[in-house]
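See structure below.
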Amino acid sequence: WKALGASLLVQGKEALPVLQKAIELLPNDAEAHFNLGNSLGKLGQFDGAVASYRRALGIKPDYAEAHFNLGISLGELGQFDGAVASYRRALEIKSDYAGARNNLGAVFQAQNRLDDAIYSFQKAIEINPDSNAYRNLGIAFNSRGNFNDALACFQKASELGSNGAKVQAAIMLPAILGTRQEVLTSRTVLEQNVEQLIDKPVQIDDPLKEVGETNFYSAFHGLNDRDLQVKIAKLYEKACPSLLHIAPHCTKPRPAGKSVIRVGFLSKYIHTHSVSRCFSRVVEELAQREWFEVVLISSHDFDDPQVRNSYPEFVGTRTHLPSHLERAREMVAALKLDILVYLDIGMEPLSYFLAFSRLARVQCVLGGHPVTTGIANIDYFLSADLMEPSDATKHYSEKLVRLPRGVFYFERPTLPTTLKTRSELGLPERRHIYMCPMKLQKIHPDFDEAISRILQIDSNGVVVLFEDHQHPSWKALLEKRFDETILGDERERILFLPWINEYADFISANAVADVVLDPFHFGIGSTIIATFAVGTPIVTKPGEFMRGRVGMGFCKMMGLMECIAEDTEGYAQKAVAIASDKLMREKISAKILNNSHLLYENKQPVNDFADFLVSLMDRPTNQP
């Protein structure tokens, strides 16, 4: 029984019942428990796998391979400290264990310990220079902003036989943008690489494991992403046809007379995150309505206190997805959904690759990552008429749905009893503060001109940006660009604050600003919740695409037309006028606070969304 189970595992066949029989006969055999753990891990049952590996180690404590596989399963469960301990124990037993070195680096990377990750990957390469270690080292270098080093690693991994690394090398983009010309050049190279891979496709069996990344950063270029996103999707369709899976229930008519609509909402970001700030109350509200059966679907741990805080009144059902593409796809298909709504697509790889499949009769995406997906099986992109330009259909591969105000429900934040002062936040007391509390990848080189012009007009002003807590090297990369684009005294008046994790302190930071700057071409989103909660004015210049027009939409909603500029010079002039004129600032602030009911606890966008979902059951889609 034990030998048969091991043989089935090697062949990739179902081995679970055979190995369970082996353990009945050999309850004290470490290898039998180890093999059972392997079988459970292949099925995505990582809790069971952990228990099996620990039984094996109880029998044979120096079983290096069991420590190694235990680390894998703990990592899949997000128990990173335990995974680190397991890999280190495997290395104590077997110092030349290249796989343990490599996987230890992967866990360090998940913990954002990039220097430790890079060291581990380099040690793994010293022991065994295989493609996987080079690919992981490339990912770590790219996260740290070492673009050329990352590209070299991906190319080396590709030479060693990794098709996933070939794709990674093709779609690489720097997180922090250089000059505008550098943006255009990197974009051209990306498109050429993708076209070559479409013409001569490579084979990828599991893009989640072999590539494990999305084309996230092109959305910050300020260009139309539709054709590029469609091409990248075509690349994956050719490389991995199994992505185009169709759930069995989607090939059959919806049961006649069924009135309740079964809706799934899928996102990794159900914890404290911009996505959950925008949509968690929408999901909660729909789950309480009689027309819907709501399922919340996520790879994030539902027991995380942040999830409970984000969804405190959720009454639907929950489905936890493993970080295993085929198993996750099976689990979503088994839900037999009428409608599947992705809260975001393109921010992380699991949901991106799931979206290629037809897992519900109708599939939609919200603007958690506000750019078209390019994926044929996503039927609708749900946006806001208030924020879209007249020609917006040209920006989407999906059918664009222009709901009046889009889909959102912002909870009015509880203000701290005492707001922190400028001094407590490390900010100058007697300067005009122009604050841009956004992620640094949003600071497009076109925005440098606006920063420079504001500081030229206002010699008493400072522009405040925030360091990235996950990518500490990004600040230096952006400063290097500023050294070239912003000269003289103006350059010295760009300040960086450490990223603020405590939301109460983030509200305080918005409160002490004279003006919040909405950057070009991917602007403000959920930050508006904290900004308008304390009545701080923003200045915005609408861009060509919705992701650069959100600030304009909120200003129109709140009647703040005086905060909307037509060009960069007007943007700078408006910002300085508001910061310098206390009466003007107080007037705008009063209008924000008086009209705040339009932004907070407003159920009308939820009602519009619910009506649209009901209407979908009578609409044709591009499903098979």
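The values are calculated or read from the model by the stated rules, or taken from the named source; none is laboratory data. Because the structure is a prediction, the values reported are computed rather than measured. Heads up, the Cβs are rebuilt from the backbone with ideal geometry, glycines too, and the neighbour counts pull from every protein chain shown. Ligands, DNA and RNA are excluded from the accessible area calculation, which covers all protein heavy atoms including side chains. Shrake-Rupley method; radii C 1.70, N 1.55, O 1.52, S 1.80 Å.
Note on the chain: with neighbouring protein chains present and a 1.4 Å probe, carbon and sulfur make up 49 percent of its accessible heavy-atom surface. Solvent-accessible surface of the chain, taken per residue with a 1.4 Å probe and all protein chains present: 41 Å².
Simple rule: put +1 on each Lys or Arg Cβ and -1 on each Asp or Glu Cβ in the range 1-139, find the dipole, and look at ALA85, LEU8, SER131; the Cα lying farthest toward the positive end is LEU8. A Cβ-based charge dipole, computed about the Cα centre of the chain with Lys and Arg at +1 and Asp and Glu at -1, lands at about 1020 debye. Look at (1) -0.83, -0.96, -1.18; (2) -0.53, -0.81, -1.24; (3) -0.48, -0.79, -1.36: the one that is log10 I(q)/I(0) by the Debye sum over Cα atoms at q = 0.07, 0.09, 0.12 Å⁻¹ derived from this structure is (3). Using a ≥ b ≥ c from the Cα gyration tensor of the range 477-624 (square roots of the eigenvalues), is it rounded, prolate or oblate, where a/c under 1.5 gives rounded and otherwise the larger of a/b and b/c decides, a/b for prolate? Note, shape of the range 477-624 comes out prolate.
Computed with the Debye formula from one identical point scatterer per Cα of the range 144-220, without solvent, the log10 of I(q)/I(0) at q = 0.14, 0.21, 0.26 Å⁻¹ comes to -0.45, -1.01, -1.41. Per-residue 3J(HN,Hα) values for the range 125-131, derived from phi via the Karplus relation 6.51 cos²θ - 1.76 cosθ + 1.60 with θ = phi - 60°, read 5, 4, 6, 8, x, 9, 5 Hz in sequence order (x marks Gly and Pro).
Can you bin the range 242-324 into rounded, prolate or oblate? Criterion: square roots of the alpha carbon gyration tensor eigenvalues sorted a ≥ b ≥ c, rounded for a/c under 1.5, prolate for a/b above b/c, oblate for the rest. Oblate, because a/c is 1.5 or more while a/b does not exceed b/c.
Under 5 Å from the amide H of LEU497 lie the amide H atoms of LEU465, PHE466, GLU467, each residue being 5 or more positions distant or on a separate chain, with H modelled from the backbone and absent for Pro and chain starts. Over what distance in Å are the Cα centres of the range 1-52 and the range 395-436 separated? Comparing the Cα centres of the range 1-52 and the range 395-436, I get a distance of 51 Å. Taking a ≥ b ≥ c as the square roots of the eigenvalues of the Cα gyration tensor, the range 78-165 is oblate, since a/c reaches 1.5 or more and a/b is not larger than b/c. Ordering MET558, MET331 by accessible surface, largest first, gives MET331, MET558; the 1.4 Å probe counts only protein heavy atoms, with every chain in place. Where only DSSP H runs of four or more residues are counted, the chain gives -15000 deg cm²/dmol as its mean residue ellipticity at 222 nm, each run worth -39500 (n - 2.57).
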